[in-house]
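Below is one structure, written out as C-alpha coordinates; the observations come after it.
The values are calculated or read from the model by the stated rules, or taken from the named source; none is laboratory data. This one's a predicted model, so the numbers in the text were calculated from it and none came from an experiment. All Cβ positions, even for glycine, are placed from backbone atoms using ideal geometry, and neighbour counts span all protein chains on display. We work out accessible area using only protein heavy atoms, side chains counted, and drop any ligands, DNA or RNA first. Shrake-Rupley method; radii C 1.70, N 1.55, O 1.52, S 1.80 Å.
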Amino acid sequence: MQRLRRLIVSAALLLSACTSGSASSSLTPLPYTDEFDDPSSGWETLSDLSAEVRYDRSALRILVKQENLAQWSFAGKQFADGVLEVEARALGGPLDNGFGVIFRAEDAKNFYHFAISSDGYWRAGIVKEGEWTYWNDWQPHPAVKSGAERNQLRVVMQSARFDLYINGQLVSSQEDDSFQTGDIGVFALSLIGGPGVDVAFERVSVSPLP
(Lines give C-alpha, C1' and ligand atoms only; values in the text may rest on other atoms or scores of the structure.)
Protein backbone atom coordinates (compact mmCIF):
# COMPACT_ATOMS: atom_id res chain seq x y z
CA MET A 1 0.00 0.00 0.00
CA GLN A 2 1.45 3.37 -1.01
CA ARG A 3 0.30 5.46 1.90
CA LEU A 4 2.71 8.32 1.35
CA ARG A 5 1.02 9.20 -1.94
CA ARG A 6 -2.55 8.76 -0.72
CA LEU A 7 -3.15 11.01 2.24
CA ILE A 8 -5.64 13.58 3.39
CA VAL A 9 -3.25 16.51 3.46
CA SER A 10 -5.43 19.56 3.83
CA ALA A 11 -7.89 20.60 6.49
CA ALA A 12 -9.96 22.05 3.65
CA LEU A 13 -10.88 18.47 2.77
CA LEU A 14 -12.56 17.94 6.13
CA LEU A 15 -16.29 18.32 6.49
CA SER A 16 -17.24 21.26 8.67
CA ALA A 17 -20.88 20.48 9.44
CA CYS A 18 -19.87 18.84 12.73
CA THR A 19 -17.84 21.21 14.85
CA SER A 20 -16.61 20.91 18.39
CA GLY A 21 -19.47 21.15 20.86
CA SER A 22 -17.32 22.10 23.86
CA ALA A 23 -19.05 25.25 24.99
CA SER A 24 -18.16 25.06 28.67
CA SER A 25 -14.73 25.51 30.22
CA SER A 26 -15.56 23.29 33.21
CA LEU A 27 -14.09 19.79 33.13
CA THR A 28 -16.28 16.74 32.71
CA PRO A 29 -16.24 14.52 35.82
CA LEU A 30 -14.32 11.24 35.54
CA PRO A 31 -14.88 8.46 34.83
CA TYR A 32 -16.82 9.21 31.65
CA THR A 33 -18.23 6.43 29.45
CA ASP A 34 -20.52 6.34 26.42
CA GLU A 35 -21.57 3.10 24.75
CA PHE A 36 -23.86 4.95 22.33
CA ASP A 37 -27.07 3.25 23.42
CA ASP A 38 -28.71 6.62 24.16
CA PRO A 39 -29.11 8.88 21.09
CA SER A 40 -29.48 11.90 23.37
CA SER A 41 -26.03 11.50 24.96
CA GLY A 42 -24.68 14.49 23.05
CA TRP A 43 -22.44 13.31 20.22
CA GLU A 44 -22.92 15.24 16.99
CA THR A 45 -24.80 13.64 14.11
CA LEU A 46 -25.02 14.49 10.43
CA SER A 47 -26.57 13.30 7.19
CA ASP A 48 -25.81 14.78 3.77
CA LEU A 49 -24.43 13.78 0.36
CA SER A 50 -20.87 13.55 1.66
CA ALA A 51 -21.15 11.67 4.94
CA GLU A 52 -23.42 10.33 7.62
CA VAL A 53 -22.96 10.24 11.40
CA ARG A 54 -25.64 8.53 13.47
CA TYR A 55 -26.37 6.44 16.53
CA ASP A 56 -26.92 2.90 15.30
CA ARG A 57 -27.50 -0.21 17.48
CA SER A 58 -25.27 0.78 20.42
CA ALA A 59 -22.62 2.37 18.23
CA LEU A 60 -21.81 5.74 16.74
CA ARG A 61 -21.54 5.03 13.04
CA ILE A 62 -19.65 7.19 10.56
CA LEU A 63 -20.08 6.58 6.84
CA VAL A 64 -17.85 8.60 4.49
CA LYS A 65 -19.57 8.54 1.12
CA GLN A 66 -16.99 10.42 -0.95
CA GLU A 67 -13.33 9.78 -1.60
CA ASN A 68 -10.49 11.79 -0.06
CA LEU A 69 -12.65 13.08 2.77
CA ALA A 70 -12.90 12.84 6.55
CA GLN A 71 -15.80 13.19 8.95
CA TRP A 72 -15.74 13.55 12.71
CA SER A 73 -18.07 13.85 15.67
CA PHE A 74 -17.34 15.56 19.00
CA ALA A 75 -18.72 14.61 22.41
CA GLY A 76 -19.24 18.18 23.64
CA LYS A 77 -17.20 17.55 26.80
CA GLN A 78 -14.03 18.93 28.40
CA PHE A 79 -11.10 16.88 29.66
CA ALA A 80 -7.54 17.48 30.84
CA ASP A 81 -5.49 14.51 32.15
CA GLY A 82 -6.93 11.03 31.88
CA VAL A 83 -6.93 7.75 29.97
CA LEU A 84 -8.98 7.92 26.78
CA GLU A 85 -10.07 4.60 25.26
CA VAL A 86 -12.03 3.99 22.07
CA GLU A 87 -13.27 0.70 20.62
CA ALA A 88 -14.06 0.65 16.90
CA ARG A 89 -14.37 -1.63 13.91
CA ALA A 90 -14.83 -1.16 10.19
CA LEU A 91 -18.22 -2.31 8.89
CA GLY A 92 -17.53 -1.90 5.20
CA GLY A 93 -15.71 -0.06 2.47
CA PRO A 94 -12.04 -0.28 1.49
CA LEU A 95 -9.37 -1.58 3.87
CA ASP A 96 -7.28 1.39 2.77
CA ASN A 97 -9.06 3.72 5.18
CA GLY A 98 -8.49 5.61 8.42
CA PHE A 99 -10.39 5.92 11.70
CA GLY A 100 -9.58 6.97 15.21
CA VAL A 101 -9.83 9.47 18.01
CA ILE A 102 -9.46 13.22 18.51
CA PHE A 103 -8.44 14.60 21.91
CA ARG A 104 -7.92 17.95 23.63
CA ALA A 105 -9.86 19.66 20.88
CA GLU A 106 -10.19 23.41 21.40
CA ASP A 107 -12.35 23.61 18.28
CA ALA A 108 -12.61 22.00 14.84
CA LYS A 109 -9.25 23.49 13.79
CA ASN A 110 -7.13 22.79 16.88
CA PHE A 111 -6.70 19.29 18.33
CA TYR A 112 -4.59 16.13 18.55
CA HIS A 113 -5.47 12.99 16.56
CA PHE A 114 -4.60 9.28 16.55
CA ALA A 115 -5.81 6.85 13.87
CA ILE A 116 -5.39 3.38 12.43
CA SER A 117 -6.38 1.72 9.15
CA SER A 118 -8.01 -1.60 8.38
CA ASP A 119 -4.90 -2.73 6.50
CA GLY A 120 -2.61 -2.40 9.51
CA TYR A 121 -1.27 1.17 9.62
CA TRP A 122 -1.38 3.96 12.20
CA ARG A 123 -0.77 7.71 12.34
CA ALA A 124 -0.89 10.50 14.95
CA GLY A 125 -0.27 14.22 15.17
CA ILE A 126 -1.65 17.68 15.81
CA VAL A 127 -3.85 20.17 13.98
CA LYS A 128 -3.21 23.88 14.59
CA GLU A 129 -5.42 26.48 12.94
CA GLY A 130 -6.52 23.86 10.45
CA GLU A 131 -2.99 22.82 9.44
CA TRP A 132 -2.24 19.11 9.92
CA THR A 133 1.17 18.08 11.23
CA TYR A 134 2.12 14.44 11.84
CA TRP A 135 4.37 13.08 14.58
CA ASN A 136 4.66 10.13 12.24
CA ASP A 137 3.08 9.48 8.87
CA TRP A 138 1.26 6.20 8.16
CA GLN A 139 3.36 3.32 9.49
CA PRO A 140 2.55 -0.40 9.70
CA HIS A 141 2.28 -2.02 13.13
CA PRO A 142 1.47 -5.63 14.04
CA ALA A 143 -0.77 -4.50 16.90
CA VAL A 144 -3.43 -3.28 14.45
CA LYS A 145 -6.11 -5.89 13.81
CA SER A 146 -7.01 -5.93 10.13
CA GLY A 147 -10.28 -6.12 8.29
CA ALA A 148 -13.48 -5.97 10.32
CA GLU A 149 -11.87 -6.94 13.64
CA ARG A 150 -12.47 -4.71 16.65
CA ASN A 151 -9.57 -2.44 17.67
CA GLN A 152 -8.96 -0.47 20.83
CA LEU A 153 -7.08 2.83 20.83
CA ARG A 154 -5.84 4.26 24.12
CA VAL A 155 -4.31 7.66 24.82
CA VAL A 156 -2.82 8.34 28.24
CA MET A 157 -3.02 12.12 28.58
CA GLN A 158 -0.75 13.37 31.34
CA SER A 159 0.09 17.06 31.19
CA ALA A 160 2.11 17.55 27.96
CA ARG A 161 2.87 13.82 27.53
CA PHE A 162 0.80 11.40 25.47
CA ASP A 163 1.30 7.63 25.41
CA LEU A 164 -0.43 6.00 22.45
CA TYR A 165 -1.56 2.37 22.56
CA ILE A 166 -3.12 0.03 20.01
CA ASN A 167 -4.80 -3.04 21.48
CA GLY A 168 -2.75 -2.75 24.64
CA GLN A 169 0.61 -2.25 22.95
CA LEU A 170 2.48 1.03 23.35
CA VAL A 171 3.32 2.35 19.88
CA SER A 172 4.50 5.89 20.61
CA SER A 173 5.07 8.51 23.31
CA GLN A 174 4.93 12.19 22.41
CA GLU A 175 5.25 15.51 24.22
CA ASP A 176 3.43 18.66 23.19
CA ASP A 177 2.01 21.50 25.30
CA SER A 178 -0.15 23.21 22.68
CA PHE A 179 -3.49 22.20 24.24
CA GLN A 180 -3.98 21.56 27.96
CA THR A 181 -7.72 20.76 27.92
CA GLY A 182 -10.37 20.09 25.32
CA ASP A 183 -13.09 17.96 23.84
CA ILE A 184 -12.81 14.41 22.55
CA GLY A 185 -14.06 13.10 19.24
CA VAL A 186 -13.99 10.21 16.78
CA PHE A 187 -13.45 10.32 13.03
CA ALA A 188 -13.24 8.27 9.86
CA LEU A 189 -11.60 9.14 6.56
CA SER A 190 -11.47 7.90 3.00
CA LEU A 191 -8.46 8.14 0.71
CA ILE A 192 -8.22 8.84 -3.00
CA GLY A 193 -10.22 6.26 -4.91
CA GLY A 194 -11.72 4.80 -1.73
CA PRO A 195 -15.20 6.10 -0.88
CA GLY A 196 -17.60 4.14 1.30
CA VAL A 197 -15.59 3.94 4.52
CA ASP A 198 -18.03 2.71 7.19
CA VAL A 199 -16.90 2.58 10.83
CA ALA A 200 -18.74 1.81 14.09
CA PHE A 201 -17.40 3.31 17.31
CA GLU A 202 -18.80 1.07 20.03
CA ARG A 203 -17.43 2.53 23.25
CA VAL A 204 -15.60 5.66 24.36
CA SER A 205 -14.33 6.26 27.89
CA VAL A 206 -12.08 8.62 29.81
CA SER A 207 -10.88 7.40 33.18
CA PRO A 208 -8.61 8.97 35.81
CA LEU A 209 -4.88 8.43 35.55
CA PRO A 210 -3.78 5.34 37.49
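Miscellaneous remarks
- Counting only Cβ charges, +1 for Lys and Arg and -1 for Asp and Glu, the dipole size of segment 52-105 around its Cα centre is about 180 debye.
- Charge dipole of segment 125-210 (Cα centre as origin; +1 on each Lys and Arg Cβ, -1 on each Asp and Glu Cβ, all else neutral): 340 debye, rounded to the nearest 20.
- Per residue, the accessible area of the chain comes to 42 Å² when a 1.4 Å probe rolls over the protein heavy atoms.
- Legend: residues W122, W135, sorted from most to least accessible area (1.4 Å probe; ligands, DNA and RNA excluded), read W135, W122.
- Dipole of segment 59-210 computed with +1 at Lys/Arg Cβ and -1 at Asp/Glu Cβ about the Cα centre; of A115, F201, S159, farthest Cα towards the positive end is F201.
- The charge dipole of the chain, taken about the Cα centre with unit charges on the Cβ atoms of Lys, Arg (+1) and Asp, Glu (-1), comes to about 420 debye, rounded to the nearest 20.
- Where a label projected 7 Å from the Cα of A80 along Cα→Cβ would reach, residues of segment 99-114 with amide N under 17 Å: 104-106
- Expressed as a whole percent, the accessible area of the chain that falls on carbon and sulfur atoms is 47 (1.4 Å probe).
- The chain: Rg to Rh, with Rh as the Kirkwood radius over Cα pairs: 0.92
- Within the same chain, lysines fewer than 8 places from K128 are excluded, and of the rest, those with a Cα less than 27 Å from its Cα are K65, K77, K109.
- Charge tally around L30: other residues with Cβ under 11 Å, Lys/Arg +1 each, Asp/Glu -1 each, net 0.
- Cα Rg over Rh - segment 168-210, Kirkwood: 1.03
- In segment 95-163, the GluC sites (Glu not before Pro) that fall in loop regions by DSSP, at most 13 other Cβ within 10 Å: E129, E149
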